[in-house]
Amino acid sequence: MARQFDTFGPIYRERIGAQDTVNVYLPGDSARLFMVEGITPERMVVRPWLAYRHYRQRSRGVLLKSGEDWRQTRLALNHDIIAPKALPPLLPPLQSVCNEFVSRLHSISRPDIPLPDLSNELFKFALESICRVLYGERMGLLGDTVPADAERFIQAITEMFRTSVPMLFIPPELLRLLSVPLWKKHMNAWDDIFLHAEKHIKKVLSLRNAKDCEGKPPHLLENIVTRGRLNLEDITASATELMAGAVDTTSITIQWALWELAGKPELQELLRQEVQRAWQILHAGDAQGSPETLSKLLKDSPLVRMTIKETLRLHPVAVTLQRYLAHDVTIQGYTIPSGTLAQASLWTMGRHPDIFEDPEVFSPKRWLRDIHGEASPFSKAGSHKDEAERPDEGVANWSDGNEETMKSIGSTSLGPCNGAGVGNTFLALGFGFGPRQCLGRRIAESEMGLLLINILRNFRIRRFDDTQVDTHFELILLPSRPIQLVFEPIESENSNL
Ligand code: HC9
């Protein structure tokens, strides 16, 4: 795609099968396409995912629903999962998983030897984290023996992503008719995912009915069921998706963040100082932390938050964001009719020298001004002069999602921005944008933030070898080879409170 943009400029059209698509990457153009996403935004459907549900007669969760059905489900889930109020109670369970992870690192790290299978350790961390907040369950994945079904679940997710790729181009229905092994593998992977998730959900719900949940920490499933807005089938489908969507995505992002920090010892030290300062606010002996202290810990660690943003700039999970346009829109002088599939290339944007100065350099501080709510100092906003001349189309169609952005859009002309004027929103699209953005966003951001804080306090991270790591497309983007890091414990009296 980056090559096509070089050849054709900032916008080009492509026919994929019977579908016309339009591709953009400039932040101002992404802003315009999100303005016309309508109130029930639709992204490109990953066909084998839908085919599986159809064939097995399973309900779609919020990820694959569309139209009004999607909107009602999403609104019901927003309350408990992504509303700002929902987050603080989830922080203590997340922190307790971080504590267990740090203990595990202490026991398996060896001087000058890379941690064996970092990727799998982080998969287990991510699965333990989502289960803790979703079901209030302790899975015991961070001990020496891992339950076989959890191991299978983790493998199934990776397999499901991987086997999806060829089916983006070949209709899965055809592969099923021909009983091609690829389709069978894909089915088996989803079967494993659903089986495992449903087992947990059933268990939690039966305990709940048996009123056997006294003394158990509150969890998301309980809250969603109690709210009573969704039926059990819908809840099960969405919880399964949340669980499956929470493992590879967060753990791979953390892996990239650690890889980048390991390559920059000075930056790592700076972060460590910030983290150590912020940690002081946690009361001695309050190892889990309360919702309030942990919120404050994250708030007082802006460099950690910027590190996550910077990681997602260079290493987005999703290569593009897509929307079917609900209205006509004019981008770069071209009128694009409603119904067109438009894609914003996160990969191209994040690495483009017209948008980010020295794009290849990992530099969390480039997001500094954003944290203080100012326009970006580094984006070459406004350098595309023709951008500035466009009127501010379609703002009325903007709906929901990111309240701060909504406010700023209400008061600021969207015209001249390549991100500027609406802060850095359209430069930092790692979780998508608007009402259809990643539902797990706040959980993922806090989980990754807390883990980085905990690791940095306890370990110095070094690269074992410095050879470049490329990026592979296995539906999501991931490192082309195992990332090998040495974890060096930091001697300190109370580092592991
Ligand atoms: C993959 O051309 C490339 O957490 C395709 C277009 C496309 C469509 C949907 C995207 C997908 C790409 C990447 C992976 C995404 C997916 C939508 C949701 C999924 C971003 C860009 C996330 C990783 C979800 C997965 C949840 C699932 C396992 C239940």
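Among the residues of the stretch 120-157, how many are surrounded by fewer than 18 Cβ atoms within 10 Å (Cβ to Cβ) and of a type in the set (Ser, Thr, Tyr)?
Counting residues in the stretch 120-157 that are surrounded by fewer than 18 Cβ atoms within 10 Å (Cβ to Cβ) and of a type in the set (Ser, Thr, Tyr) gives 1.
Exactly one of these conditions fails for Arg58: (1) over 20 Å from the mean Cα position of the chain (by Cα); (2) free of Cβ contacts under 8 Å to residues at least 60 places away in the same chain; (3) buried (at least 16 other Cβ atoms within 10 Å of the Cβ). Give me its number.
Against the list (1) over 20 Å from the mean Cα position of the chain (by Cα); (2) free of Cβ contacts under 8 Å to residues at least 60 places away in the same chain; (3) buried (at least 16 other Cβ atoms within 10 Å of the Cβ), Arg58 comes up short only on (2).
What is the number of the single condition among (1) more than 30 Å from Asp354 (Cα to Cα); (2) surrounded by 19 or more Cβ atoms within 10 Å (Cβ to Cβ); (3) within 16 Å of the ligand (Cβ to nearest atom) that Arg71 does not meet?
(3)
Given the condition away from the ligand (no atom under 16 Å from the Cβ) and either over 23 Å from Phe487 (Cβ atoms) or assigned to a loop (DSSP other than H, G, I, E, B) (or both), answer yes or no: does some residue in the stretch 157-173 qualify?
yes
Within the set of pairs 6+ apart or on separate chains, which have a first residue in the stretch 6-33 that is polar (S, T, N, Q), a second that is part of a helix (DSSP H, G or I) and crowded, with 24+ Cβ neighbours inside 10 Å, and C-beta atoms under 8 Å apart?
Within 8 Å, the pairs are Ser30/Met349; Ser30/Phe426.
Name the one entry in Glu269, Glu214, Glu241 that is over 20 Å from Leu312 (Cβ atoms), acidic (Asp, Glu) and either touching a Ser or Thr at 6+ places or on another chain (Cβ under 6 Å) or at pLDDT below 90 (or both).
Result: Glu214 is the single residue among Glu269, Glu214, Glu241 that is over 20 Å from Leu312 (Cβ atoms), acidic (Asp, Glu) and either touching a Ser or Thr at 6+ places or on another chain (Cβ under 6 Å) or at pLDDT below 90 (or both).
Does Ser376 fit the bill of being surrounded by 22 or more Cβ atoms within 10 Å (Cβ to Cβ), among the hydroxyl-bearing types (Ser, Thr, Tyr) and modelled with pLDDT under 95?
Yes, satisfied.
Would you be able to say whether some residue in the stretch 243-260 is surrounded by fewer than 23 Cβ atoms within 10 Å (Cβ to Cβ), in contact (Cβ under 8 Å) with a residue 60 or more places away in the chain and more than 16 Å from the ligand (Cβ to nearest atom)?
Checked against the condition, which is being surrounded by fewer than 23 Cβ atoms within 10 Å (Cβ to Cβ), in contact (Cβ under 8 Å) with a residue 60 or more places away in the chain and more than 16 Å from the ligand (Cβ to nearest atom), the stretch 243-260 yields at least one hit.
Determine whether Leu90 is at pLDDT 95 or above and either touching a Ser or Thr at 6+ places or on another chain (Cβ under 6 Å) or outside any helix (DSSP H, G or I) (or both).
Spelling it out, it is not the case that Leu90 is at pLDDT 95 or above and either touching a Ser or Thr at 6+ places or on another chain (Cβ under 6 Å) or outside any helix (DSSP H, G or I) (or both).
Which ones in the stretch 47-63 are assigned to a loop (DSSP other than H, G, I, E, B) and within 11 Å of the ligand (Cβ to nearest atom)?
Arg60, Gly61, Val62, Leu63
Out of the strands (runs of 3 or more DSSP E) lying entirely within the stretch 284-358, which hold 1 or more residues that are among the basic types (Lys, Arg)?
The qualifying strands (runs of 3 or more DSSP E) are 320-324.
Look through the stretch 26-46, keep the residues that are in contact with a helix residue (DSSP H, G or I) (Cβ under 7 Å, 6 or more places away or on another chain), among the hydrophobic types (A, V, I, L, M, F, W, C) and part of a helix (DSSP H, G or I), and return whichever of them is nearest to the ligand (Cβ to nearest atom).
Ranking the candidates gives Phe34 first.
Among (1) touching a Gly at 6+ places or on another chain (Cβ under 8 Å); (2) surrounded by fewer than 16 Cβ atoms within 10 Å (Cβ to Cβ), where does Val317 come up short?
The number of the failed condition is (2).
Pick from the stretch 226-235 the residues that are surrounded by fewer than 21 Cβ atoms within 10 Å (Cβ to Cβ) and in a helix (DSSP H, G or I): which of them is nearest to the ligand (Cβ to nearest atom)?
Glu233
Go through the stretch 19-52 and give me each residue that's among the aromatic types (Phe, Trp, Tyr) and either closer than 13 Å to Leu429 by Cβ or over 21 Å from the mean Cα position of the chain (by Cα) (or both).
Once the filter is applied, which keeps residues that are among the aromatic types (Phe, Trp, Tyr) and either closer than 13 Å to Leu429 by Cβ or over 21 Å from the mean Cα position of the chain (by Cα) (or both), the stretch 19-52 yields Tyr25, Phe34, Tyr52.
Hey, does the stretch 113-125 have a residue that's touching a helix residue (DSSP H, G or I) at 6+ places or on another chain (Cβ under 7 Å), among the polar types (S, T, N, Q) and closer than 17 Å to Gln484 by Cα?
yes
Considering only the stretch 176-196, state which residues are touching a residue at least 60 places away in the same chain (Cβ under 8 Å) and either away from the ligand (no atom under 11 Å from the Cβ) or more than 14 Å from Ala244 (Cα to Cα) (or both).
The answer is Arg176, Trp183, His186, Met187, Asp191.
I need every pair where a residue in the stretch 300-320 that is without any contact (Cβ under 8 Å) to a residue 40 or more places away in the chain has its Cβ under 6 Å from the Cβ of a residue that is assigned to a helix (DSSP H, G or I) and more than 16 Å from the ligand (Cβ to nearest atom), sequence separation at least 6 or different chains.
Close Cβ pairs (under 6 Å, with a partner that is assigned to a helix (DSSP H, G or I) and more than 16 Å from the ligand (Cβ to nearest atom)) amount to Asp300/Ala278.
Of the residues that sit in the stretch 442-491 and are free of Cβ contacts under 8 Å to residues at least 12 places away in the same chain and not in a strand (DSSP E or B), which one is farthest from the ligand (Cβ to nearest atom)?
Glu491
The values are calculated or read from the model by the stated rules, or taken from the named source; none is laboratory data. What you are looking at is a predicted structure, and each value in this text was computed from that prediction instead of being measured. Note that we place each Cβ from the backbone using ideal geometry, even for glycine, and neighbour counts take in every protein chain shown.
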